[in-house]
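Peer 1: The structure under discussion is supplied below as structure tokens; questions concerning it will follow.
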Amino acid sequence: MDKTYYPKEGEISHDWFVVDASGEILGRLASRIARVLLGKHKPIFTPGVELGDFVVVVNAGKLRVTGKKLTEKMYYRHSGYPGGLKTISLREQLVKRPDRVVRAAVWGMLPHNKRGRQVIKMLKIYAEAEHPHQAQQPKPLPAK
């Protein structure tokens, strides 16, 4: 009878990956990022164990979306006060805060619990090509 494999502390390593978002489709990119953040790309993946890697996204403002999403997709936030609902379209959000677009797409593909909140902290998003994580020597994000 085989026992369930559980990785030991010394076997777990957190690598760094970088992905250029220019020309990438938002949803497809977000699903690839979520997979790496959760550690599902590793052969020792075990549910409930923190195996994910860090992901650095550059050129977040240059990603693509399909269909009419640029004008019809809206992002909402509420201040908590009556009449405090604020809306912004995807087109405006990509100009003002492109990091929020990528973060919201990836968050929608992560578990909405304590583990998801830990994993989303491993995502670093930058609107331009420069990032301060050169010392970690990030590798290109693996394709599927």
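Each reported figure results from applying straightforward, stated rules to the coordinates on display, with no laboratory input. Since we're looking at a predicted model, the values are computed, not measured. Every residue, glycine among them, receives a Cβ derived from its backbone with ideal geometry; neighbour counts consider all protein chains shown.
Peer 1: Check off (1) more than 15 Å from ASP15 (Cα to Cα); (2) loosely packed, with under 12 Cβ neighbours inside 10 Å for PRO140 and give me the number that stays unchecked.
Peer 2: (1)
Peer 1: Shifting gears a bit: Give the residues of the stretch 119-131 that are of a type outside the set (Phe, Trp, Tyr), out of contact with any Gly (no Cβ under 8 Å at 6 or more places or on another chain) and either under 19 Å from SER22 (Cβ atoms) or in contact (Cβ under 8 Å) with a residue 60 or more places away in the chain (or both), sorted by residue number.
Peer 2: ILE120, LEU123, LYS124, ILE125, ALA129, GLU130, HIS131
Peer 1: Out of (1) out of contact with any helix residue (DSSP H, G or I) (no Cβ under 7 Å at 6 or more places or on another chain); (2) in contact (Cβ under 8 Å) with a residue 60 or more places away in the chain; (3) assigned to a helix (DSSP H, G or I), the odd one out for GLY116 is which?
Peer 2: (2)
Yes/no per residue for (1) aliphatic (A, V, I, L, M); (2) assigned to a loop (DSSP other than H, G, I, E, B); (3) closer than 30 Å to LYS8 by Cβ; (4) in contact with a Lys or Arg (Cβ under 8 Å, 6 or more places away or on another chain):
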{"residue": "LYS40", "(1), (2), (3), (4)": "no, yes, yes, no"}
{"residue": "LEU51", "(1), (2), (3), (4)": "yes, yes, yes, yes"}
{"residue": "TYR81", "(1), (2), (3), (4)": "no, yes, no, no"}
{"residue": "GLU92", "(1), (2), (3), (4)": "no, no, no, no"}
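Peer 1: Hey, another quick one. Give the residues of the stretch 34-65 that are under 15 Å from ARG103 (Cα atoms) and touching a Phe, Trp or Tyr at 6+ places or on another chain (Cβ under 9 Å), sorted by residue number.
Peer 2: ALA34, VAL36, LEU37, LEU38, PHE54, VAL55, VAL56, VAL57, VAL58, ASN59, ALA60
Peer 1: Looking at the stretch 96-137, which of its residues are over 12 Å from the mean Cα position of the chain (by Cα), farther than 25 Å from SER13 by Cα and of a type in the set (A, V, I, L, M)?
Peer 2: Selection gives ALA127, ALA129.
Peer 1: Identify, from the list VAL56, VAL101, VAL95, VAL106, the residue that is surrounded by fewer than 16 Cβ atoms within 10 Å (Cβ to Cβ) and closer than 20 Å to TYR126 by Cα.
Peer 2: Values: VAL56 fails: surrounded by fewer than 16 Cβ atoms within 10 Å (Cβ to Cβ); VAL101 fails: surrounded by fewer than 16 Cβ atoms within 10 Å (Cβ to Cβ); VAL106 fails: surrounded by fewer than 16 Cβ atoms within 10 Å (Cβ to Cβ).
None of the other options fit; the residue is VAL95.
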